[in-house]
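Read the figures in this text as sums done on the coordinates, not as results from a lab. Worth saying up front: this structure is predicted, and the values here are computed from it rather than measured. Backbone-built Cβ (ideal geometry, glycine too); neighbour counts: all protein chains shown.
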Amino acid sequence: MGEMISFNKFDGGMAQGYLANAENPLGAVVVIQEWWGLNDQIKGMADRLAAARYTALAPDLYEGRVTQDPDEANHMMTGMDWDGAYKDIRGAVQYLKRVTGKVGVMGFCMGGALTVVAGVKVPETDAAVCFYGIPDKAAADPVEMQVPFQGHFAGVDDWCTPDAVNGLDADLSAVATPVQIYRYDRSQHGFMNEARADVYDAEAAELAWDRALSFLGEHL
């Protein structure tokens, strides 16, 4: 089990996050929350990474706010300061760089979109693993991806639609870094979230997790 810590934002302010330390780490990963906030499920993802020998830090982008209500989650996501989130994420990457070697970023839903942002704009990032999230190009243009990138997307998704994933795939086809895009045609948005029985897909989640760990092992 991990613990809540304080770390420096990129701009010098302070942020909070959940740190799960690994024994004899192979590397480290910044875990970026879904639009629900830094809840127990995201902390559990950090713990799973630590068990797989990756020290993990999940920054608290909502500053303690957590919800299970989709309307409230949407309100918090749309009201979030994305520039401030970038500073938290970059600060988390820099924190892990001081205690481990290479650092990847892994995010889910809103965090998946921010993972693309990190891969484009956070120079200390060494790899990016995105689960069903695509940012507006004004936030980060995928054609400028700077790191090895792996993406996992559901076939039944009205946010990261199959057409949007096709567009992301096309944008990434021209980048110089390695790119892997996986589609899970029968799965729904959020299929990795075991706390949501309405969308969780155990088979797809296990396959995606194995692919993500293999990718991290190759690039971290």
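Filter the DSSP H helices in the chain by two things, a Kyte-Doolittle mean of at least 0.0 and an axial alpha-carbon span of 18 angstrom or more, and list the hits by number. Don't jump to the answer; show the numbers that get you there.
Numbers: long enough: 82-99 (26 Å, -0.63); 202-219 (25 Å, -0.03).
Span-like helices in the chain: none at all.
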Original post:
Can you tell which of Gln188, Ala139, Ala204 lies farthest toward the positive end of the dipole of the chain, using +1 and -1 charges on the Cβ of basic and acidic side chains (Lys, Arg; Asp, Glu)?
Top reply: Ala139
**OP:** Once every Cα of region 1-79 carries one equal point scatterer and solvent is ignored, give the base-10 log of I(q)/I(0) from the Debye formula at q = 0.11, 0.13, 0.14 Å⁻¹, two decimals.
**Re:** -0.29, -0.40, -0.46
Original post:
How would you rank Phe191, Phe7, going from fewest to most other Cβ atoms within 10 Å of each one's own Cβ?
Top reply: Phe7, Phe191
Original post:
Listed highest first by mean packing, meaning other Cβ atoms within 10 Å per residue, what order do 146-158, 116-128 come in?
Top reply: 116-128, 146-158
Subject >> Helix-derived mean residue ellipticity, 222 nm - over the chain, DSSP H n ≥ 4, -39500 (n - 2.57), to 500 >> reply: -11500 deg cm²/dmol
Original post:
Cross-link partners among lysines for Lys43, C-alpha distance below 24 Å, same-chain residues fewer than 8 apart left out?
Top reply: Lys9, Lys87, Lys97, Lys102
**OP:** Starting from the Cα coordinates of the chain, work out the convex hull volume and express it per residue in Å³.
**Re:** 107 Å³
Subject >> Charged-residue dipole, Cβ positions (Lys, Arg, Asp, Glu), region 1-133 about Cα centre, Debye nearest 20 >> reply: 580 debye
